[in-house]
Amino acid sequence: MALEMEEDRETFVNLTSVVLLNMVACFLRKKEFMTTEKFCTVVLDLNPRNVKALFRRASAAMELGRIEFAVSDLDLAYVIDPSNQEVYKKLGEAKARTLEE
């Protein structure tokens, strides 16, 4: 019974994350960056190691001028998935912007 409940929870978290991350992609395209951050945070509350949520929240944060916050998210995403080239590139951009400011 406990194993079945854990499997149900995992299924719920995965499906919820997929739906929310699809919404987030739309919010990013519409330049609704604060909404993007909020929904990414919900996904990260469900799964703190979700690289897409970290990446998208960092992208929104950069657009809002919250560069250090973006670097923090991107650093974590890079630790979780060091082979992710999108994360690597965005992390470089974010770090370069911290030097400019």
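The values are calculated or read from the model by the stated rules, or taken from the named source; none is laboratory data. Quick caveat, the model's predicted, so the values are computed rather than measured. Glycine also receives a Cβ, built like all others from the backbone with ideal geometry; neighbour counts cover every protein chain displayed. Ligands, DNA and RNA are excluded from the accessible area calculation, which covers all protein heavy atoms including side chains. Shrake-Rupley method; radii C 1.70, N 1.55, O 1.52, S 1.80 Å.
Some notes on this structure:
- Meets criteria (at pLDDT 95 or above, surrounded by 14 or more Cβ atoms within 10 Å (Cβ to Cβ) and among the small types (Gly, Ala, Ser)) for ALA25: no
- Condition met for VAL42 (surrounded by 17 or more Cβ atoms within 10 Å (Cβ to Cβ) and touching a residue at least 12 places away in the same chain (Cβ under 8 Å)): no
- Taken as a whole, the stretch 83-92 holds at least one residue that is small (Gly, Ala, Ser), free of Cβ contacts under 8 Å to residues at least 12 places away in the same chain and in a helix (DSSP H, G or I).
- Within the span defined as the stretch 53-63, every residue fails to be out of contact with any Lys or Arg (no Cβ under 8 Å at 6 or more places or on another chain), part of a helix (DSSP H, G or I) and open to solvent by 80 Å² or more (accessible area, probe 1.4 Å).
- The conditions of being more than 19 Å from GLN85 (Cα to Cα) and either touching a Cys at 6+ places or on another chain (Cβ under 7 Å) or open to solvent by 60 Å² or more (accessible area, probe 1.4 Å) (or both) are not met by PHE33.
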